[in-house]
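Scroll down for the structure; my scribbles are underneath it.
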Amino acid sequence: MKRHALALTSVLLAGMAHAQTGLDELAPDEWPHLLRAARAVPGFAGLAFVPVEGTRVLVPALTTPGREEQARRWLQSDPFWNKVAAGKPGVTRGSQPVKYSGVQLVQAAQALKKRSPNLTVRVNTTLNRVTVYAPAGVFRPVARAAGVERFVESAYEYERAPRVRFSVQPRTVSLAAIRAAKSPSQVVPRLQVRVTNPTGAPLLFTYSCGGSLPVQVADRMGRVVPEQSGAACTEELNSALIQPGQTLTFPSFPFTKMSHLQPGPYQWLIGGQLLPFTLRP
């Protein structure tokens, strides 16, 4: 992910506990604060969570290049935006390039609420979209009638399709190296998973297991090989914002016991996707 040079002191934080309170998901009573900021800093679209060095930090979302310093000054001087970092440690650098400004997002959200007041509507500044807590079949006709469909996404992750596209490397693995490995992390030393967003909108990719994405192994018929004993993951959830067409790369390791396998064709299995590779002697 491209990160721009920007020092935000008291506003940009890495506090995961505070992150859960919805700093990037604004309710209707908070929309005026986003409008005020977006009018003071052209192209400002709120705060977005981005992954930095294994954790998540808040950075300003901007449609207009070159506004980082202006955003920094505004966020530090405005009572609403400054208070979100009160008592929180952390200094980070960076901004998130986005498509829609805060003004566009709020206007779209207001238009949606005007047509259907009972909808639960939020402005999600990490996704850079208006999110609705309702089935797509309910809100999409309303959004279409209001002329704001391109701004609107479901708040329910399972309704965002298509899913990410995975690619696992390498595609040729040495059985001799696997049998010589002393720990699960050394079985395939350069194993990595590439995650691509094939959609036309930003999406949040949620994962656990620290900063790694473990894979399983299946035979050429798709039958999963038994798991490696001793392989374990942390259950702490993390998420990364992936822009349309963007690919993020994660280190990986096999959950599967591979030392007893015979040379031949196999498949990496991750997220329900099977990707062929060859096990050589």
Taking the range 182-200 as the search range and keeping residues that are in contact (Cβ under 8 Å) with a residue 24 or more places away in the chain and over 14 Å from the mean Cα position of the chain (by Cα), which one is surrounded by the fewest Cβ atoms within 10 Å (Cβ to Cβ)? 200
Within the range 117-133, can one find any residue that is aromatic (Phe, Trp, Tyr), farther than 20 Å from residue 50 by Cβ, surrounded by 20 or more Cβ atoms within 10 Å (Cβ to Cβ) and touching a residue at least 12 places away in the same chain (Cβ under 8 Å)? no
Per the filter on the range 93-116, residues in a strand (DSSP E or B) and surrounded by 17 or more Cβ atoms within 10 Å (Cβ to Cβ) are 96, 97
Of everything in the range 79-92, what is buried (at least 19 other Cβ atoms within 10 Å of the Cβ) and at pLDDT 80 or above? Give them in sequence order. 81
Go through the range 114-132 and give me each residue that's within 18 Å of residue 32 (Cβ to Cβ) and in contact with a helix residue (DSSP H, G or I) (Cβ under 7 Å, 6 or more places away or on another chain). 121, 123, 130
Being open to solvent by 30 Å² or more (accessible area, probe 1.4 Å) and modelled with pLDDT of 90 or more: is that true of residue 76 here? no
Quick test for you: out of 174, 154, 208, pick the one residue that is within 30 Å of residue 32 (Cβ to Cβ) and either surrounded by 14 or more Cβ atoms within 10 Å (Cβ to Cβ) or out of contact with any His (no Cβ under 7 Å at 6 or more places or on another chain) (or both). 154
Hey, among the residues in the range 258-272 that are open to solvent by 50 Å² or more (accessible area, probe 1.4 Å) and within 19 Å of residue 205 (Cα to Cα), which one's farthest from the chain's Cα centre (by Cα)? 272
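The values are calculated or read from the model by the stated rules, or taken from the named source; none is laboratory data. Keep in mind the model is a prediction, meaning the values are calculated, not measured. Positions of Cβ are backbone-derived with ideal geometry, glycine not excepted, and every protein chain shown enters the neighbour counts. To get the accessible areas, we keep the full protein, side chains included, count just its heavy atoms, and leave off ligands, DNA and RNA. Shrake-Rupley method; radii C 1.70, N 1.55, O 1.52, S 1.80 Å.
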